[in-house]
Amino acid sequence: MEPKERLKEIIKRKRIKQEDLSKQTKISQQSLSRFFNKSSKDFEKMNKICQAIGIEPHDLWIPKGAQIESMKLPDATANFLIAFNKLTPELRDLLIDFTFRISGLLGKKSTP
């Protein structure tokens, strides 16, 4: 299951209304609707939604009930996820924020 689909499933299971989620995240209902119904990969919104509903964003990429150590992942990926899970929530947030900032810089073309 895709991370966004897992997120929708968790929101539905927790019976969180889009209006309430909008208020908690300070993301408009229209923007939330676009996020969930389009192929948008807005990780900043995903992070805000995860924080609002009380889950860690990285949990969306790990199959339900799976142990990272038993998953068939490349060694570097498995080691990263294991180390990430050992970080404090504050350090996880800093790393996620750093990743968003770097990915934004890498996507921009430099002008001479």
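Within the range 55-66, is even one residue of a type in the set (Val, Ile, Thr), at pLDDT 85 or above, under 14 Å from the mean Cα position of the chain (by Cα) and part of a loop (DSSP other than H, G, I, E, B)?
Initially, the range 55-66 is screened for residues of a type in the set (Val, Ile, Thr), giving 55, 62.
Next, from what is left, pick out any that are at pLDDT 85 or above: 55.
Now restrict to residues that are under 14 Å from the mean Cα position of the chain (by Cα): 55.
Checking the rest, the ones that are also part of a loop (DSSP other than H, G, I, E, B) come to 55.
Yes; the residues of the range 55-66 include at least one that is of a type in the set (Val, Ile, Thr), at pLDDT 85 or above, under 14 Å from the mean Cα position of the chain (by Cα) and part of a loop (DSSP other than H, G, I, E, B).
Within the range 28-41, does at least one residue satisfy the condition of being surrounded by fewer than 13 Cβ atoms within 10 Å (Cβ to Cβ), touching a Gly at 6+ places or on another chain (Cβ under 9 Å) and outside any helix (DSSP H, G or I)?
no
Tally up the residues in the range 13-57 that are in contact with a Ser or Thr (Cβ under 7 Å, 6 or more places away or on another chain) and touching a residue at least 24 places away in the same chain (Cβ under 8 Å), please.
2
Hey, can you tell me all the residues within the range 94-108 that are at pLDDT 75 or above and either aliphatic (A, V, I, L, M) or not in a helix (DSSP H, G or I) (or both)?
Passing the criteria: Leu94, Leu95, Ile96, Ile102.
The values are calculated or read from the model by the stated rules, or taken from the named source; none is laboratory data. What you see is a predicted model; the values in this text were computed from it and never measured. Note that we place each Cβ from the backbone using ideal geometry, even for glycine, and neighbour counts take in every protein chain shown.
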